[in-house]
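Engineer: Could you have a look at this structure, given as structure tokens, before my questions?
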Amino acid sequence: MALAVIENDLLHQSFQTLGFDQDFIAACNAIGINCLADVKRIPARELVLKNGFSYRWLEILSAYLKEKGLLHILQEEPGNKNG
């Protein structure tokens with residue numbers, strides 16, 4: 001299976017399906033995200049301002065993404081920098 005297909009599949013699975021704990025999932029619900037694709041759509045400067053965001057949440061997410069070789073999804077895509 002191609003790497004892009006695997007990445008796309010992971011991006012659209014719920015955090016619960018991906019095995020995150022209930023505290024992490026509760027924070028995701030407060031932030032208003034359900035999957036990694038949602039995280040990818042939100043610019044970092046907006047993400048840190050969302051209710052429910054914490055740097056511990058980001059640390060858990062970053063560790064997961066690093067383990068899966070997907071840490072790059074936290075980078076803003078070119079042309080998505082308003083300001």
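Engineer: Restricting attention to region 43-60, which residues are in a helix (DSSP H, G or I) and closer than 15 Å to A30 by Cα?
Structural biologist: E46, L47, Y55, R56, W57, L58
Engineer: Residues F20, F15: which one is touching a strand residue (DSSP E or B) at 6+ places or on another chain (Cβ under 8 Å) and surrounded by 15 or more Cβ atoms within 10 Å (Cβ to Cβ)?
Structural biologist: None of the others qualify; the one that does is F15.
Engineer: Run down I33, I25 and say which single residue is closer than 14 Å to L74 by Cβ and surrounded by 14 or more Cβ atoms within 10 Å (Cβ to Cβ).
Structural biologist: Residue meeting the stated conditions: I33.
Engineer: What pairs can you find where one residue is in region 56-83 and over 15 Å from F15 (Cβ atoms), the other is part of a loop (DSSP other than H, G, I, E, B) and modelled with pLDDT under 95, and their Cβ atoms are less than 8 Å apart, with a gap of 6+ or different chains?
Structural biologist: The qualifying pairs are E76/P43; N80/P43; K81/P43; N82/P43.
The values are calculated or read from the model by the stated rules, or taken from the named source; none is laboratory data. Worth saying up front: this structure is predicted, and the values here are computed from it rather than measured. With ideal geometry, Cβ positions are generated from the backbone for all residues, glycine too; neighbour counts draw on all protein chains shown.
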